[in-house]
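Everything below concerns the one structure shown next.
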Protein chains: 2
Amino acid sequence: MSIQVLRLGHRPARDKRVTTHLLLAARAFGASGAFYAGTRDPALEETMRKVCSDWGGSFSVEYAEEWRRAIGEWKGRGKVIHLTMYGIPLRRAIHAIRADPSEKLVVVGGAKVPGEVYGLADWNVAVTSQPHSEVSALAVFLHELFEGREMEMEFEGARLRIVPQERGKRVEGKAV
Amino acid sequence: MSIQVLRLGHRPARDKRVTTHLLLAARAFGASGAFYAGTRDPALEETMRKVCSDWGGSFSVEYAEEWRRAIGEWKGRGKVIHLTMYGIPLRRAIHAIRADPSEKLVVVGGAKVPGEVYGLADWNVAVTSQPHSEVSALAVFLHELFEGREMEMEFEGARLRIVPQERGKRVEGKAV
């Protein structure tokens, strides 16, 4: 199942780190790529390009100038999931989402999500009904969706690779 | 099992949002409270106090002036888990951690984690060996530790409560 993420309302000055964390979490937990809307941010794109070149895989990042059009185009070929604390609890929604074989777009809000998004989504899903973070919401959503199998994923073409250790750090392929 | 989180190296100007997201994720996914080290940040503490007053529960936030002492004191009464991409894969470590009945301190790095932390920890745990975010790492760790039961948690004394909806938002207790 191919999953793309759409981050709404990115503001480079204010959101740079949170959006970077969000896109990194999308990649680490098995999404194939992400779009971001709001203000274009070449530094964000460059950070992500660098990570993918170092750590492998084919995660793509694209700017979506108009989020409405991005969602609209998606609805022609797959389903849209909107992560929001106001939605249906994850554990109630996840079985139907897993059972649906179509490609998915996971929409993740910024500061203010237009009400329209709730209507466009096929599912509005709450990863708890408590305030926390789009980063944790997306990671736990993907982890549940893939039932943890995303953790066995290989990232092809990695220049760097961690060799898990009980203590300390070991990275293979690092230029010392 | 009582879980506390220790956030290392907080820098108010640079980390405010990420640390806020981290502490909110700690609360939403079942930790009892958090300490943060680095620079004291009254605005962060105030944000968290407000969230707990609105959304209930008894999540505590305390400043730890010296992280070494905070970890040292903890080792007298419980176990220390350090989340790091260099550690042992979560799925290999989680059974032993769950089976251990003692209180846990989950240490989460900031920008640069002193090498000493790897030696002080009872477990160095990798929530994937890929770069992502301390926010997603902590949330997925707690979600695995509690096997999803944290999502059924009630937050007592909440002033606001979300009533899950398929579309739109419904909050009870909101002053309109």
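Results, tabulated for the structure shown:
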quantity	calculated
Over the protein assembly as shown - Rg/Rh using Cα atoms and the Kirkwood inverse-distance radius	0.94
For B:Ala111, label point 7 Å along C-beta direction: distances to other copies, nm	2.4
Euclidean distance of C-alpha centroids, the stretch A:1-29 and the stretch A:90-136, integer Å	14 Å
Label spacing, shortest first and in nm, from A:Arg91 to its equivalents in the remaining copies (7 angstrom along Cα→Cβ)	2.1
Rotational relation A to B, axis-closest Cβ in chain A, residue and distance rounded to whole Å	A:Val135, 2
Accessible surface of chain A, 1.4 Å probe, proportion on carbon and sulfur as whole %	49 percent
Highest average packing first - B:19-25, A:72-78, Cβ atoms within 10 Å	B:19-25, A:72-78
Amide proton proximity set for B:Ile88, modelled H, under 5 Å, gap of 5+	A:Gln165, B:Asn124, B:Val125, B:Ala126
Long-range tail of P(r) for the stretch B:62-133 (Cα pairs > 14 Å, %)	60 percent
Relative pair counts by distance (%), Cα atoms of chain B, 5 Å bins	1, 8, 17, 20, 20, 15, 9, 5, 2, 1, 0
Debye equation applied to the C-alpha atoms of the stretch B:96-171, log10 I(q)/I(0) at 0.22 Å⁻¹	-1.15
Semi-axis lengths, Å, the stretch B:1-101, gyration tensor of Cα atoms, sqrt of 5 times eigenvalues	23, 16, 14
Top positive-direction residue, dipole computed over the protein assembly as shown with Cβ charges, set B:Ser102, B:Trp74, B:Ile88	B:Trp74
Amide hydrogen neighbours beyond the local backbone of A:Glu103, cut-off 5 Å, H modeled	A:Lys79
Magnitude of the charge dipole, chain A, Cβ model with Lys/Arg +1 and Asp/Glu -1, debye to 20	400 debye
Coil-residue trypsin sites (Lys or Arg not before Pro) of the stretch B:2-52, DSSP, other Cβ within 10 Å capped at 11	none
Contact surface A-B: accessible area buried, both sides summed, square angstrom, 1.4 angstrom probe	4600 Å²
The stretch B:116-164: trypsin sites (Lys or Arg not before Pro) falling in loop per DSSP and having at most 15 other Cβ within 10 Å	B:Arg159
Ascending list, in nanometres, of distances separating the A:Met1 label from those of the other copies (7 Å, Cα toward Cβ)	2.7
The protein assembly as shown, accessible area per residue, ligands and nucleic acids excluded (1.4 Å, Å²)	44 Å²
Rounded accessible area of A:Val5 (nearest 10 Å², 1.4 Å probe)	0 Å²
At least 40 Å² of accessible area lost relative to the chain alone, listed for the stretch A:123-138 with a 1.4 Å probe	A:Thr128, A:Ser129, A:Gln130, A:Pro131, A:His132, A:Ser136
For the stretch A:32-97, size of Cβ-based charge dipole, Lys and Arg +1, Asp and Glu -1, in debye	480 debye
Cα convex hull of the stretch B:127-176 - mean projected area over all directions, nm²	5.7 nm²
Computed FRET value (nearest 0.05) for A:Asp54 with A:Arg167, which takes r as the C-beta separation and R₀ as 35 Å	0.90
Range of Cα positions in the stretch B:1-59 per principal axis (Å), largest first	30, 24, 15
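The values are calculated or read from the model by the stated rules, or taken from the named source; none is laboratory data. Bear in mind the structure is a predicted one, so any value in this text is a computation, not a measurement. FYI the Cβ positions are ideal-geometry reconstructions off the backbone, even for glycines, and counts take in every protein chain you see. Accessible surface areas use protein heavy atoms only, side chains included; no ligands, DNA or RNA. Shrake-Rupley method; radii C 1.70, N 1.55, O 1.52, S 1.80 Å.
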